[in-house]
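Note sheet for the following structure.
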Amino acid sequence: MTNYSTCISVDIAPPAPITAILAIPEVFELVLSYLRVRQIRRLRLVSRQLRVACQSHFHVIVAITPNSLPSIQHLQDLSSSVTKLLVRDLDELPPSLEAFIETATRLSAIELYNWGLDIDFLQRTLALCSPELKLLVVQNEGFVDLEDIVKSVVHSSQSTSIQSLTLHVDTVGLETHALPWTSFRVILDSCSSLASLSLGHVKINDVPESLEETNALHATTATFPNLTTLKLIHCDISQVGLERLLRMYPNLKSLTIHSSNPVFDQDEPSERAQLERTLEITDTREEAVATLWATVPKEDHLPSCLNLSTFKYSLTNSKRNNRNQLGLDAFLKRLTRLHDLELEGHFIKDEDLFSIGVGWSRQGVQLKRLELPLQKGVTEAGVEGLLRMTCCHHLQLLNVVCGPGLVSRFWNSETGLTELPCAATLTGLHLRKNEFESRLQPGIWKIFNGTLKQLPRLVDLTIGTKLESFEVFEGLGRNPNNPSQTASTGTSELAKTGDIQIDSELGTISSASAEIPVERQIVMAPSESKAHVDWSSERPFLQTLAIGYSNEFYANGMADIPRQIGRRFRFLEDFRFV
């Protein structure tokens, strides 16, 4: 009897790259750290593998108000899955909510807004929460003493695990709640894992110099390297107090200040500062400033903030203050690792922008986000000069009170190309100047339209101009009259009927008459044929769009928005008026 054996050769396809990434959780977590929540939500829809891998990054959030409180019993079965709890406008803690919090074993964040009239509400809530609480937001209308709130937090079982703490106490009378320096230091000492601190409507008292060496809690020489984010919202703090705070946080990466009083007050500029500003304003060559910094010794009275990458400063007091502006200029020039900048409510002249930009370019700063909303004194010429400097060549977001005229300053009429240095990296463009379209220069929309087509990464666009028609969008995206056609070409690239050959190596589609080697031809039935649509001609792929409108647009164009906007931009997710 003869045995016959058959050898079957099976080619096993190599695993997809995403499988290799998911096999190393640390690598995948690093990738997700660069994504926003909305991007993670999209990513999980790609495949089942990604949906399972992203599951831990989604959180069940429950919001409790007096109106929704009766339904808390129906959510009892979900308590073990809840990761974040929002409680608003409750005067007391009902038994049903106590049972819910006590069984929420995954609860890592709790936010309390406008709660109770005494401290018992906060103390009882913290006693029921898991000791592994990571985020705590406490906002009260001012009926509870601020020091009592601080004591309740630092004496709770969660004090060593809290990584993000927000204390906002609204003002009841004319004065803000004062926070003694000793209480402030207790927060930093007790919350050893604290990485983010936000204070609202708090007056941080300065430490008398005579007491700095008599009490350890008064000393300002201690440092807290864990803290990387600091927000001071409508806080009363002096320039001296701010300097001491910044010196205590050597690894601070994000600083947000909303204040009505100037916190960067500086005396009249010294001989070095005067010479520096004179050279920067009168001589556009960066070599002049480099020579100055090499020959004149630096001043060291301001904290360096070497690791600060995000700085947001809003001044609600509209009165111009030259001393504060000088101090702010000096502070900004020391931010050698700055990536994100947002200034609001200041009076900045073009020469101030130029002075700051030259300093940044000299130090190798590369801005990614530049926001100057509601800024006074800034002109399109000043913003143009800043954008041409090397510090803005890799800008990703530009938010300024300018109109389309800013973009036209970079247009080369001979080549028909834009010379905007950050055109290749810009993803967000917000031109918030509220002006009438009739007052724009002739042909401005054609230049603006041509520039938009040369911004390959643009996904977020705001046009504050009061539009009268949809002229600015002509040639962008798809043809609104026929979404299967691109608006720029007006022709469809649908494949012809009949058999279609697919070049598996090149990924192209051609007709049966194309000259493709027989061994690389795959014949498909007509029902299986698919068209090859080139989306590259539809750039930019807008996801968010905001526009202004005139009375004429309101009367004649509103009804046409679904066709002109909705059909034109296939990836649009958010549309609004400004």
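The values are calculated or read from the model by the stated rules, or taken from the named source; none is laboratory data. The shown structure was predicted, so the numbers you read here are calculated from the model rather than taken from an experiment. Neighbour counts are summed over all protein chains in view; Cβ atoms, including those assigned to glycine, are modelled from backbone coordinates with ideal geometry. Heavy atoms of the whole protein, side chains included, go into the accessibility calculation; ligands, DNA and RNA do not. Shrake-Rupley method; radii C 1.70, N 1.55, O 1.52, S 1.80 Å.
Brief remarks follow.
- For region 69-201, the calculated P(r), taken from all Cα-Cα distances in 5 Å bins from zero up to the bin holding the longest distance, is 2, 10, 22, 24, 20, 12, 7, 3, 1, 0 percent.
- For region 545-556, the Karplus equation 6.51 cos²θ - 1.76 cosθ + 1.60, evaluated at θ = phi - 60°, returns couplings of 9, 9, 9, x, 8, 9, 4, 5, 5, 4, 7, 10 Hz by residue, with Gly and Pro reported as x.
- Signed unit charges on C-beta, dipole axis of region 99-199, positive-most listed residue 128, 103, 138: 103
- Cross-link pairs 333/433; 312/433; 368/433 - those with Cα-Cα distance over 23 Å: 333/433
- Rg of the Cα atoms in region 352-433, relative to 2.2 N^0.38 Å, amounts to 1.04.
- Inverse of mean 1/r across different Cα pairs in region 304-382, Kirkwood, Å: 12.8 Å
- The accessible area of residue 256, taken with all protein chains in place and a 1.4 Å probe, comes to roughly 10 Å².
- Solvent-accessible area of residue 235, all protein chains in place: 10 Å² (probe radius 1.4 Å, heavy atoms, ligands and nucleic acids excluded).
- Around residue 151: net Lys/Arg minus Asp/Glu count, Cβ-Cβ under 15 Å: -4
- Taking a Cβ cut-off of under 9 Å around residue 107, the surrounding Lys, Arg, Asp and Glu residues balance to a net charge of +1, with basic ones at +1 and acidic ones at -1.
- Considering only 35, 47, 19, the residue lying farthest towards the positive end of the dipole of region 17-72 is 47, judged by Cα position with unit charges set on Cβ.
- Note on residue 29 and residue 57: their simple-model spin labels are 1.3 nm apart, each label 7 Å out from Cα toward Cβ.
- Between residue 127 and residue 376, the FRET efficiency from the beta-carbon distance, with R0 = 56 Å, is close to 0.70.
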